[in-house]
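Notes for the one structure printed next.
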Amino acid sequence: MSGSERVVMFDIDGGLADLSAFTHLLTGQPEGSRRQAWQRFFDHVGQAAVIEPGRDLVEAVAGLGLVVVYSTTRPVSCAGQTRIWLGHNGFPPGRALLCRSRNDVRPAVEVKAGHCRAVGSWLSAFVDDDPEAVDALRSGGVRAHSFDELSGLRIRELKTVLAAGRPAARTGNGTNRRRRHRTTPHHRPGQVAQRSPSAGT
């Protein structure tokens, strides 16, 4: 990348992709079967529903001329399916897709922090749906933002926030515009839709 290029990295699950329809595969499993349960879950990444406000945000960031990079804590074996899903659902092409390395068992936030280090000084922002991950990344010096903070900002406001590296301003009642509520670390309800009938398969 050239010195003038700036990167905005987007976490996929919970911000762009909704896999909540398949979380039942992860419940009620004996300890020894957890690995197989996660594998069955990841077999469905190509069927995730699109979280429309997240896709709108990626499109807005790409429209500002910033470099889009996608980050996920899915294992690297899901990279191919994830790229196909992003393409089929009309997401802007990213410069890279960073995944969890093989045999990497670190907590998700540590994987995300590693992705940020890989981009280095080009990173303008990391955007995540998990407020705890955002706080942890910020405490580590990363310019992190939640989807909730950025979704719904006007283009000029978005550009200012990403350039400044500070959290978006809050409204008078102390909450962000278009606030959404999380339920589990990687999956949250929301207004989801597929862009085309053939997408997500």
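The values are calculated or read from the model by the stated rules, or taken from the named source; none is laboratory data. All values reported here derive from a predicted model rather than from experimental measurement. Methodologically, a virtual Cβ is constructed for each residue, glycine included, from the backbone with ideal geometry; neighbour enumeration extends over all protein chains shown.
Taking segment 137-160 as the range and being assigned to a helix (DSSP H, G or I) and crowded, with 19+ Cβ neighbours inside 10 Å as the test, the residues that pass are Leu137, Phe147, Asp148, Glu149, Leu150, Leu158. Evaluation of Leu25 against the conditions (1) crowded, with 18+ Cβ neighbours inside 10 Å; (2) part of a helix (DSSP H, G or I); (3) at pLDDT 95 or above shows that the sole unmet condition is (3).
Can you name the residue in segment 1-22 that is under 24 Å from Val109 (Cβ atoms) and in a helix (DSSP H, G or I) and, of all such residues, is modelled with the highest pLDDT?
By that ranking, first place goes to Ser20.
Figure legend. Inter-residue proximity from segment 58-74: first residues among the small types (Gly, Ala, Ser), second residues at pLDDT below 95 and part of a strand (DSSP E or B), beta-carbon distance below 8 Å, spacing 6+ or different chains. No pairs are indicated. Total residues in segment 117-131 satisfying the condition of being within 14 Å of the chain's Cα centre (by Cα) and surrounded by fewer than 17 Cβ atoms within 10 Å (Cβ to Cβ): the figure is 1. Annotation note: Cβ proximity below 7 Å between a residue of segment 135-156 that is more than 18 Å from Ser71 (Cα to Cα) and a residue that is assigned to a helix (DSSP H, G or I) and modelled with pLDDT under 95 (sequence gap 6+ or interchain) occurs for Leu153/Val161.
Within segment 55-84, restricting attention to residues that are among the charged types (D, E, K, R) and under 18 Å from His115 (Cβ atoms), the residue that is nearest to the chain's Cα centre (by Cα) is Arg74.
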